[in-house]
Every structure is written in C-alpha cells, then in structure tokens.
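Colleague: Sharing a structure, written as structure tokens. Questions coming.
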Amino acid sequence: MDEHKIIQKYFSDVGSAYLAEQGVRVSVGDDAAIISNSSNKESIVSIDTSIKDVHFLSSMNATDIAYRSVAIALSDLAACGATPAWYTLALTMEDFDEEWLKDFSEGLRIISEEFKFPLIGGDTTKGSLSISVQVTGYCDPGKALTRKGSIEGDLVFISGFIGEASRGLRALQNDEDNTKEISSYLRPRARIDLGQRLIGIASSAIDVSDGLIKDLGHICSESNLGCEILIDDIPTSLTEPLTSGEINQGDDYEICFSANEKYLSEIEGIAEELKIPITAIGKMTKGSSVTVKDSQGIEVKIQDGYGHF
C-alpha cells in the first residue's frame, strides 16, 4: 500500500467530527490544511517527537504508542492554559503493517474524541519508527501561561503524583503487573482542564516531562528567581515519601506552577472540582536555582533529570 492509500485509510477521518468547530476547511488528503483563524484569539503551537525505545518501548501496543505520542504534545498546551484546536502527525515507520496501523489509528481516534480536536494533516515515510506531533490551540490574547512571571514569595504547586510513570516504565521493562503505574506511563493525562482554570491564577507554569526539579529550574531561569522545595511535600501515591532518586525521573506530564498565596483556597477548590490532587511543595525565593530540603532543613542532592544529549 502506498503512502496516499495509507493516509486515506488510516488517518483521513481521525477527529473529523470536530473540523468545522475548529475552523478547518480543508484537512487530511490535500497538499496542506486550510484553517480559518479566529481574529480574537492567540494561537499556541508546540511539537514533540517520540522515537522508538527512547520515548516509548517498541513492545508497546500501537494504540498506546499513538495515544501517548499525542498526549505528551498536548501537555505543552495544558501548561499554557490553551484549548486544543487541531494537530498534525509525521509518522515514520519501518514497514507496512496493517494490524499495527489499525491499532495506531485507534489510539489517535481515542485521544481525538477525548479532547475533541481533529488530525488535519501530516506526512508518512519509511524509516526507523518515530512520531512527530504538532499541536495547536488557542487562548485569549495575552492570557496564556508561560514559564516567566513568578514573583518572590509565590507558592509552588504540582498536580497529580510524581514518580508513577517512571515506576510504570520500569514495570513494563521488567514484565511486572503494576497496572495503575503502567497506565500512567502508557496513557499520560494532559491536564487541559486544569491549565485553563489556572489562567489568571498561576504566575508561571510548565509541564513536567524531563523531571520535576529539572523542569522547575526552567521557571527559575525564566523568572530570574530561585526556589526552595520540601522533598517530603512532593506528592506520591506510595505510603512512604519519595527518595531523592525518584522525584526527577520524568514522564510525569503534570503541571508545575507558581501562584500567590492569596489564591490558595481557589486552587484547592479547582482541585476538588476537577478531582485532581494539587499540592503546594515549596516557594519561589531569591537566587537562580532549585534547592530541595528535607524535614530537618538539610539540602538534599537530586540526580539530574532526563536529557537528550
């Protein structure tokens, strides 16, 4: 089957029910998509590439590979407080495998339905398995959350639990049956609803992909501040606090954000309404880096987060 037939059979109608409401006039199958841009919104654009045995295991089901590849790109939109509009997909695969493509297409359909945004184009090529997903969303002008904007004294918060996905990855690699943790790795939750609710509350935000401390360091760098975190306050689903080796593993895809203490009760209300744990784990300070301390006030050395190079 040639490239055009693959695109027509497996990708042409993914999320097609939402084309009109997202302003897409021409979608998959033409030379380019045609979109009617809203004049009173800002576009938010991000792209993520997932590579076999780097960002996902080749042993994973193709449905999970597809879902995960789109979800981690959507997480960037969540951190900006954006509403998803549409996405494109560049798929490089080693060979034509009809069953694999059926499963992969199903993963795309699941996440497109979940967030009501369509696949509108892309590219299909032959080579080592990799998936590039570009996502586009929108916000009201000047309202998008960024990594820059924290103020000294702001509290630092994190959604969800840290470390579950990295434990899930290890369970997959070791053929263990840690169902909940494995699910956290296979199907990360893009916190779109939370990001939208944080507009006007969060002074800065970032999605946690490479490790909580590493990514929080980007907020510090962009805001020209430091940060002090209490290791025992970092949320976990385990009965014991996380160790220094567990909090910076990456693959969490939660939202880390700063906010003035006056918003604490409002943030607690958002957490209750969305049924998402949101935990205060520290405070923005003078300085330029993240410091992690234990309950005795002693600094804890943290291993580096994930790095591509």
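The values are calculated or read from the model by the stated rules, or taken from the named source; none is laboratory data. Owing to the predicted nature of the structure, the values given are computational and were not obtained by experimental measurement. Positions of Cβ are generated from backbone atoms using ideal geometry, with glycine treated the same way; all protein chains shown enter the neighbour counts.
Colleague: So which of Ile131, Ile158, Ile151, Ile111 is buried (at least 19 other Cβ atoms within 10 Å of the Cβ), among the β-branched types (Val, Ile, Thr) and not in a strand (DSSP E or B)? Steps first, answer last, please.
Modeller: Working: Ile131 fails: not in a strand (DSSP E or B); Ile158 fails: not in a strand (DSSP E or B); Ile151 fails: buried (at least 19 other Cβ atoms within 10 Å of the Cβ).
That would be Ile111, the only listed residue that is buried (at least 19 other Cβ atoms within 10 Å of the Cβ), among the β-branched types (Val, Ile, Thr) and not in a strand (DSSP E or B).
Colleague: Then there's this: I'd like the full set of residues that are under 26 Å from Arg25 (Cα atoms), buried (at least 21 other Cβ atoms within 10 Å of the Cβ) and small (Gly, Ala, Ser), limited to the range 76-104.
Modeller: Of everything in the range 76-104, those that are under 26 Å from Arg25 (Cα atoms), buried (at least 21 other Cβ atoms within 10 Å of the Cβ) and small (Gly, Ala, Ser) turn out to be Ala78, Gly81, Ala82, Ala85.
Colleague: Out of the residues in the range 210-242 that are among the polar types (S, T, N, Q) and closer than 16 Å to Gly160 by Cβ, which is surrounded by the most Cβ atoms within 10 Å (Cβ to Cβ)?
Modeller: So the first thing to find is which residues in the range 210-242 are among the polar types (S, T, N, Q), and the list is 221, 223-224, 236-237, 239.
Those left that are additionally closer than 16 Å to Gly160 by Cβ: 236-237.
Numbers: Thr236: 18, Ser237: 14.
Going through the qualifying residues, I end up with Thr236.
Colleague: Another question about this same structure. Which residues, counting only those in the range 134-148, are crowded, with 20+ Cβ neighbours inside 10 Å and not hydroxyl-bearing (Ser, Thr, Tyr)?
Modeller: Once the filter is applied, which keeps residues that are crowded, with 20+ Cβ neighbours inside 10 Å and not hydroxyl-bearing (Ser, Thr, Tyr), the range 134-148 yields Val135, Gly137, Cys139, Ala144, Leu145, Arg147.
Colleague: Quick check, is Ile231 closer than 20 Å to Gly297 by Cα, over 16 Å from the mean Cα position of the chain (by Cα), outside the structural domain of His55 (by TED's automatic domain parsing) and not hydroxyl-bearing (Ser, Thr, Tyr)? Talk me through it step by step, then tell me what you get.
Modeller: On the way: closer than 20 Å to Gly297 by Cα: yes; over 16 Å from the mean Cα position of the chain (by Cα): yes; outside the structural domain of His55 (by TED's automatic domain parsing): yes; not hydroxyl-bearing (Ser, Thr, Tyr): yes.
Yes, satisfied.
Colleague: Would you confirm whether any residue within the range 132-153 is at positive phi and within 15 Å of the chain's Cα centre (by Cα)?
Modeller: Step one: filter the range 132-153 for residues at positive phi, giving 142, 149, 153.
Then drop every residue that is not within 15 Å of the chain's Cα centre (by Cα), which leaves none.
No, the range 132-153 contains no residue that is at positive phi and within 15 Å of the chain's Cα centre (by Cα).
Colleague: (1) under 25 Å from Lys5 (Cβ atoms); (2) part of a strand (DSSP E or B); (3) of a type in the set (A, V, I, L, M, F, W, C): which one isn't true of Ile44, the others all being true?
Modeller: Status for Ile44: all satisfied but (1).
Colleague: Does Glu106 fit the bill of being more than 28 Å from Ser128 (Cβ to Cβ) and assigned to a helix (DSSP H, G or I)?
Modeller: Numbers: more than 28 Å from Ser128 (Cβ to Cβ): no; assigned to a helix (DSSP H, G or I): yes.
No.
Colleague: Among the numbered criteria (1) within 22 Å of Gly121 (Cβ to Cβ); (2) among the aliphatic types (A, V, I, L, M); (3) part of a loop (DSSP other than H, G, I, E, B), which one does Leu101 miss?
Modeller: (3)
Colleague: Checking Ser265 against (1) among the polar types (S, T, N, Q); (2) assigned to a helix (DSSP H, G or I); (3) within 19 Å of Ile162 (Cα to Cα): exactly one of these is not met. Which one?
Modeller: (3)
Colleague: Check Asp53 against each of (1) out of contact with any Pro (no Cβ under 9 Å at 6 or more places or on another chain); (2) touching a residue at least 40 places away in the same chain (Cβ under 8 Å) and name the one condition it does not meet.
Modeller: (2)
Colleague: For residues in the range 194-211 being under 13 Å from Ser258 (Cα atoms) and of a type in the set (A, V, I, L, M), which is farthest from the chain's Cα centre (by Cα)?
Modeller: First, pick out the residues of the range 194-211 that are under 13 Å from Ser258 (Cα atoms): 195, 198-207.
Retained after the next criterion (residues that are of a type in the set (A, V, I, L, M)): 198-199, 201-202, 205-206.
Numbers: Leu198: 16, Ile199: 17, Ile201: 20, Ala202: 17, Ala205: 12, Ile206: 9 Å.
Checked the range 194-211; the qualifying residue farthest from the chain's Cα centre (by Cα) is Ile201.
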